[in-house]
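Trainee: This is the structure, below, for whatever I ask next.
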Amino acid sequence: MKKVTIIAVAMICLLTLTQTAFSQSTGSTYRTALGAKMYFGDGSTGGINIKHFLNNKGAIDASLLFERGFLGLEGLYEWHDNINGAQGLKWYVGGGGLIFFPTRDKYGDDVVFALRGTLGLDYKFTGAPINVSFDLNPVFNLAPSTDFDFWAGLAFRFTF
């Protein structure tokens, strides 16, 4: 009888935790999202992306990026705010840096370092654990040479 009681209590706790996690991920907000992000332009940059909210307005956005001949790491801090009348839709602005390491000899051995800004829209589908974002990104290359570029990004993520 003791074993049945322990198993029943464990099952109730597990179901409660699962329901709480599912209801949080299917609402119009989320805490963490994991998925893919790609940048438009020549279509050669994309990778694995994670976004985590530190509070209601601030989030860290990080990516492991793959580009022709390079492997990159990207880290951003973003400030978010709601768009009135559009449940689940937020605008954001932020900045950070990225670093690309060459993976093929024909691209040399220079590591690319850049600062990056971002301005975008983030939408969390109500009733589904899915998030989509679109952003515009000025990129200031600092090393090995200075340059300016402009990217547009699109991310698809699973929220939890």
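The values are calculated or read from the model by the stated rules, or taken from the named source; none is laboratory data. Note that the structure is predicted; figures quoted are calculated from it, not measured. Quick reminder, even Gly has a Cβ in these numbers, built from the backbone with ideal geometry, and neighbours come from all protein chains shown.
Trainee: Of the residues Phe160, Phe150, Phe156, which single one is under 17 Å from Ile48 (Cβ atoms) and loosely packed, with under 14 Cβ neighbours inside 10 Å? Step through it out loud before you land on a result.
Mentor: Numbers: Phe150 fails: under 17 Å from Ile48 (Cβ atoms); Phe156 fails: loosely packed, with under 14 Cβ neighbours inside 10 Å.
One residue alone meets the criteria, Phe160.
Trainee: Out of the residues in segment 41-57 meeting the condition of being over 13 Å from Arg157 (Cα atoms) and surrounded by 14 or more Cβ atoms within 10 Å (Cβ to Cβ), tell me which one is modelled with the highest pLDDT. Talk me through it step by step, then tell me what you get.
Mentor: Residues of segment 41-57 over 13 Å from Arg157 (Cα atoms): 41-46, 53-57.
Filter once more, keeping what is surrounded by 14 or more Cβ atoms within 10 Å (Cβ to Cβ): 45-46, 53.
Details: Thr45: 90, Gly46: 93, Phe53: 97.
Selected residue: Phe53.
Trainee: Tell me which residues, restricted to segment 101-160, are of a type in the set (Ser, Thr, Tyr) and under 24 Å from Leu34 (Cβ atoms). Write out each step before concluding.
Mentor: Within segment 101-160, the subset of a type in the set (Ser, Thr, Tyr) is 103, 107, 118, 123, 126, 133, 145-146, 159.
Residues satisfying the conditions are Thr103, Thr118, Tyr123, Thr126, Ser133, Thr159.
Trainee: Small (Gly, Ala, Ser), surrounded by fewer than 13 Cβ atoms within 10 Å (Cβ to Cβ), out of contact with any Leu (no Cβ under 9 Å at 6 or more places or on another chain) and not in a strand (DSSP E or B) - does that describe any residue in segment 60-76? Give the derivation first.
Mentor: Going through segment 60-76, the residues small (Gly, Ala, Ser) turn out to be 62-63, 69, 72, 75.
Now narrow it down to the ones that are surrounded by fewer than 13 Cβ atoms within 10 Å (Cβ to Cβ): none.
Taking every residue of segment 60-76 in turn, none turns out to be small (Gly, Ala, Ser), surrounded by fewer than 13 Cβ atoms within 10 Å (Cβ to Cβ), out of contact with any Leu (no Cβ under 9 Å at 6 or more places or on another chain) and not in a strand (DSSP E or B).
Trainee: Here's another thing I want to ask about it. If you take the residues of segment 118-147 that are out of contact with any strand residue (DSSP E or B) (no Cβ under 6 Å at 6 or more places or on another chain) and of a type outside the set (Val, Ile, Thr), which of them is nearest to Lys57 (Cα to Cα)? Before the answer, list the steps.
Mentor: Narrowing segment 118-147 to residues out of contact with any strand residue (DSSP E or B) (no Cβ under 6 Å at 6 or more places or on another chain): 125-128, 130, 144-146.
Adding the requirement that they be of a type outside the set (Val, Ile, Thr) leaves 125, 127-128, 144-145.
Details: Phe125: 18, Gly127: 22, Ala128: 22, Pro144: 34, Ser145: 35 Å.
That would be Phe125.
Trainee: Residue check, Trp91 against (1) among the aromatic types (Phe, Trp, Tyr); (2) touching a Gly at 6+ places or on another chain (Cβ under 9 Å); (3) modelled with pLDDT under 95, all met but one. Which one?
Mentor: In the conditions (1) among the aromatic types (Phe, Trp, Tyr); (2) touching a Gly at 6+ places or on another chain (Cβ under 9 Å); (3) modelled with pLDDT under 95, Trp91 misses (3) alone.
Trainee: Tally time: how many residues in segment 118-146 are out of contact with any Phe, Trp or Tyr (no Cβ under 8 Å at 6 or more places or on another chain) and part of a strand (DSSP E or B)? Give the derivation first.
Mentor: Within segment 118-146, the subset out of contact with any Phe, Trp or Tyr (no Cβ under 8 Å at 6 or more places or on another chain) is 123, 125-128, 134, 144-145.
Restricting the remaining residues to those that are part of a strand (DSSP E or B) gives 123, 134.
Number of matching residues: 2.
Trainee: Cβ-Cβ distance below 9 Å, separation of 6 or more or different chains: which pairs start in segment 78-92 with a residue that is at positive phi and end on one that is aromatic (Phe, Trp, Tyr)?
Mentor: Gly88/Tyr123; Gly88/Phe125
Trainee: Just give me the residues in segment 95-110 being in contact with a Lys or Arg (Cβ under 9 Å, 6 or more places away or on another chain) and either assigned to a strand (DSSP E or B) or not basic (Lys, Arg) (or both), in sequence order.
Mentor: The first filter runs over segment 95-110 and keeps only residues in contact with a Lys or Arg (Cβ under 9 Å, 6 or more places away or on another chain), leaving 95-98, 104, 107.
Selection gives Gly95, Gly96, Gly97, Leu98, Tyr107.
Trainee: Phe66 versus (1) closer than 20 Å to Asn141 by Cα; (2) at pLDDT 95 or above: which is the lone unmet condition?
Mentor: Of the numbered conditions (1) closer than 20 Å to Asn141 by Cα; (2) at pLDDT 95 or above, the odd one out for Phe66 is (2).
Trainee: Also: One residue is enough: does segment 126-140 have a residue meeting the conditions in contact with a helix residue (DSSP H, G or I) (Cβ under 6 Å, 6 or more places away or on another chain), crowded, with 18+ Cβ neighbours inside 10 Å and under 22 Å from Tyr30 (Cβ atoms)?
Mentor: yes
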